[in-house]
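Since every read-out is calculated from the coordinates, none of them should be taken as a lab result. Owing to the predicted nature of the structure, the values given are computational and were not obtained by experimental measurement. Cβ placement follows ideal geometry from the backbone for every residue including glycine, while neighbour counts extend to all protein chains displayed.
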Ligand SMILES: Cc1cc2nc3c(=O)[nH]c(=O)nc-3n(C[C@H](O)[C@H](O)[C@H](O)COP(=O)(O)OP(=O)(O)OC[C@H]3O[C@@H](n4cnc5c(N)ncnc54)[C@H](O)[C@@H]3O)c2cc1C
């Protein structure tokens, strides 16, 4: 949760962070800036919801639309920003779950955009 | 919406125009027919996705021999006393009611590929435009000398869930402290690579929970190594020290045969005696694909890795344990994943629904002990005509107990989700 809030901050406060990019460049702030830039560019691209629906079928083995409580969260109805960000965080190992790191690792930016669009409409 | 306007509608929103075979869906003709044989992890998913995504434009019939489906997945937890039998048994009601699938309970005996019909044991016949086969496995009883269908009533395999699982559970529950189990593990390829080793863990868990600390389990394995081996061995030492012994072929030298009445397993090296034998023989694809001549010399079916279509018949798709799926293991998760790709191509053929390059996924969780779960999994794509993994993960040895507990909880959540995804 902490990480997520921090990263949303980065996503909206992109200019602020770009200044730290120019000056103080710790590993962490560098990767957060790259992440924010990628979130931005994914959200800007037009995504194909049919492609998203196709990809999302493979998520349904674990992510159920309803009545899921427990170790696998409901992702249906999440915002495009939240989904995109979460998937990029798994991909960049900013979130630790091994399953989701691997699944996100196999997704391209186009895939992520389509999935985010599809799930945000559920 | 009429068939005609549906096609135009499809065109208008930019769905792909060319079907692989001659278009079947022509004005004035009946709806195209999809028949699915096998209502398990692969077949029920395929029927459900086909019905759901065709929105009534195709007729879907599901042929399943049993009135209910008991999953092999989590059947080891039932053996260990962690789940009850009802919780792993599912009905077909929702598929019939909520998805308009014609569920036919009966045994499919033959496929007439030229006429595109299948014949059931009761003499009835169904015709199809596309046929999806997900019959799972058959046990090759005579692959172990002394074993047979009758012998399985004394020494259950319990590798097809249902009465066999209940029989093994009853026999396990009847054991007393000091009694021992001998398991013969299957040779590759077989359904659920970590399954035998999860089962042994659950047997030991049951003994431990009943204070039967003098009981032991011996695994006689035809394979020199097995899935998640390091994780299982570590777990056995931690939870069940001295209770489980794994014997590899370089020690036993080869399995000669079994005598289920004497309760013995003979190997080149020695004869092992068990109060209870659990014999898991070699497996092959279900009978229907053999009758239909869709198998190769391995006893399983070659498929096109982009679509799950049989390489021998463009009107037939083969899923799950029955097919040869490259890097994907034979699992319920794999079958469920493959079903979605097959269904997409069936609808591509029949109603020009848009298709995309295949993506598959699998994860196999295993429960080693209380709140101790491990997992292995991957994402897959079709690469040069083979299903190949593009990204993999596996639990690590020595993980902390929180991680293992979370992994176990994921598996509980997964079971609920996937059975909903399969049966609606
Ligand atoms: C002990 C054990 C543990 C397992 N644990 C896991 C796990 O944790 N996770 C996992 O993903 N997988 C697990 N598996 C593997 C999983 O059960 C199988 O891989 C999966 O069921 C395969 O699906 P399928 O559709 O190919 O076959 P099945 O699920 O076996 O379905 C086949 C169905 O077809 C029906 N049928 C067959 N022939 C005909 C016919 N001619 N006419 C009518 N009906 C027919 C059968 O009655 C059956 O219902 C486990 C397996 C075992 C044995």
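Here are a few things to note about the model shown:
- Among beta bridges that DSSP assigns inside chain B, antiparallel share in %, nearest 5: 55 percent
- Residue order, fewest to most surrounding Cβ atoms within 10 angstrom, among A:64, A:31: A:31, A:64
- Spin-label model distance (nm) - residue B:296 vs residue B:327, 7 Å beyond Cα toward Cβ: 1.9 nm
- Here the gap between residue B:188 and residue B:174, fully extended at 0.36 nm per residue and compared with their Cα-Cα distance, gives a gain of 1.9 nm.
- If a spin label sat at a point 7 angstrom from the Cα of residue B:356 along the line to its beta carbon, the backbone N atoms of segment A:72-107 nearer than 12 Å would be those of A:107.
- Ranked list, fewest to most other Cβ atoms within 10 Å of each Cβ, for B:406, A:84: B:406, A:84
- In plain terms, the chain from residue B:271 to residue B:384 could stretch by 36.0 nm, reckoned as 0.36 nm per residue minus the Cα-Cα distance.
- On Cα atoms only, tilt of B:3-12 relative to the major axis of chain B in degrees: 80 degrees
- For peptide A:91-103, the mean count of partner chain Cβ atoms within 10 Å of a residue's Cβ comes to 4.
- DSSP beta bridges fully contained in the protein assembly as shown are about 55 percent antiparallel.
- Against chain B, whose longest principal axis is taken from its Cα atoms, helix B:401-423 shows a tilt of about 40°.
- When restricted to Cα atoms, segment B:142-279 yields an Rg and a Dmax of 13.9, 37 Å, respectively.
- Computed on chain B, with alpha-carbon pairs under 8 angstrom and 6+ residues apart, the relative contact order is 19 percent.
- Note on the protein assembly as shown: Cα-only Rg and Dmax are 24.9, 80 Å.
- If R0 is taken as 60 Å, the Cβ-Cβ distance between residue B:256 and residue A:122 corresponds to a FRET efficiency of 0.55.
- Counting beta carbons within 10 Å around each of B:243, A:100, B:202, B:308 and listing the fewest first gives the order A:100, B:243, B:202, B:308.
- Estimated from the Cβ-Cβ distance and a Förster radius of 25 angstrom, the FRET efficiency linking residue A:82 and residue A:34 is about 0.85.
- Helix B:229-239 axis, angle to chain B major axis (alpha carbon atoms, nearest 10°): 50 degrees
- Residue A:41 paired with residue B:30, simple spin-label distance in nm, labels 7 Å along Cα-to-beta-carbon: 5.4 nm
- Here r is the Cβ-Cβ distance between residue B:392 and residue B:112 and R0 is 35 Å; the resulting FRET efficiency, rounded to 0.05, is 0.25.
- Amide N of segment B:346-375 lying under 14 Å from the label point, which is placed 7 angstrom from the Cα of residue B:55 along Cα→Cβ: B:351-354
- Modelled label positions at residue B:91 and residue B:150, each set 7 Å beyond Cα in the direction of Cβ, lie 3.8 nm from each other.
- Label reach from residue B:119 (point 7 Å along Cα→C-beta): in segment B:271-290, amide nitrogens under 16 Å belong to B:288-290.
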